[in-house]
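Notes to accompany the following structure.
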Amino acid sequence: MSTARIKICGVNTPAALDAAVRHRADYLGFVFFAKSPRNLALRDAAALGARLSGRASAVGLFVDADDTTIAEAASAARLGAIQLHGKESPERVAALRGQLGLPVWKAVSVSSLADIDAAARYAGAADLVLFDAKAPKGADLPGGLGLLFDWTLLAGYRAPFAWGLAGGLSPDNVAEAIRVTGAPLVDVSSGVESAPGVKDEGRIAAFASAVRAA
């Protein structure tokens, strides 16, 4: 049985939040990026944070955002961690960690082994590195596109930090992803949706079951 932790990203409604909690997700991702169909306004994020009320940890996703934007969202939504999904440097990651007093996760886009090797520069700066599939050049979104990368690149990986796997995961493939990579955390967004930004409880339930049975 897998002990991988589960993150449901792009939660943007009370129903989606309740479904994620009901199926025992460890983390719920709140997106603060205007181009995303999962983007949350501060007022809505605050309502979701209050509703979550510590039943799981809220992780705020940002893309090259400024200090004020991140701090306001962290306070409003009661975030337990910050996830940076842009071009943030290790220095930027470390600075935010110090300023906010919260764990900071860094998403790293992967298309080759070199990308995984390069993630080592975040050791000591990020609390967790999330390996995600590299978006096509010119894409509006850095993630949440349902794209996969070659999981065998992580086979036998010995990380200098806590890490997780994202990118194209779904109820149908997450068990295999865990088997190949040994990922201690799996992050899903579009793979548990019926349409972009619309979470589906049946798919959330199936994903959680597949993770735990892996």
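The values are calculated or read from the model by the stated rules, or taken from the named source; none is laboratory data. All of these numbers come straight from a predicted model, not from anything done at the bench. Positions of Cβ are generated from backbone atoms using ideal geometry, with glycine treated the same way; all protein chains shown enter the neighbour counts. Please note that ligands, DNA and RNA were not included when accessible areas were found on the heavy atoms of the full protein model with its side chains. Shrake-Rupley method; radii C 1.70, N 1.55, O 1.52, S 1.80 Å.
Counting only protein heavy atoms and a 1.4 Å probe, tell me what percentage of the range 80-214's accessible area is made up of carbon and sulfur.
Carbon and sulfur: 53 percent of the exposed surface of the range 80-214.
Go ahead and collect, in residue order, the members of the range 172-192 whose backbone nitrogen is under 18 Å from a label point 7 Å along the Cα-Cβ direction of Ala118.
none
With N residues in the range 1-130, what two-decimal value do you get for its Cα radius of gyration over 2.2 N^0.38 Å?
That ratio works out to 1.04.
Considering amide H positions built from the backbone, and no H for Pro or chain starts, which residues 5 or more places from Trp163, or on another chain, come under 5 Å of its amide H?
Those qualifying (amide H under 5 Å, at least 5 residues apart or on another chain) are Val129.
Explain nothing, just compute: Karplus ³J(HN,Hα) = 6.51 cos²θ - 1.76 cosθ + 1.60, θ = phi - 60°, for every residue of the range 22-27 in order, whole Hz, x for Gly and Pro.
4, 9, 6, 5, 7, 9
Using a Gaussian network for the chain with springs between C-alpha atoms less than 10 Å apart, which of these wobbles most: Ile116, Ile178, Ile82?
Looking only at Ile116, Ile178, Ile82, the largest GNM fluctuation is found for Ile116.
Provide the per residue accessible area, probe 1.4 Å, for the chain, rounded to a whole number of square angstrom. Write down the numbers at each step before the final one.
Working: 9180 Å² over 214 residues.
I get 43 Å² per residue for this part.
For the residue pair Ala15 and Ser194, what label-to-label distance in nm results when each label sits 7 Å from Cα along the Cα-to-beta-carbon direction?
0.7 nm
Give me the net charge for the shell around Arg5: Cβ to Cβ below 14 angstrom, other residues only, Lys and Arg +1, Asp and Glu -1.
0
Can you return the aspartates and glutamates within cross-link range of Lys134? Criterion is Cα-Cα under 12 Å, with same-chain partners fewer than 8 residues away left out.
Filter leaves Asp115, Asp150.
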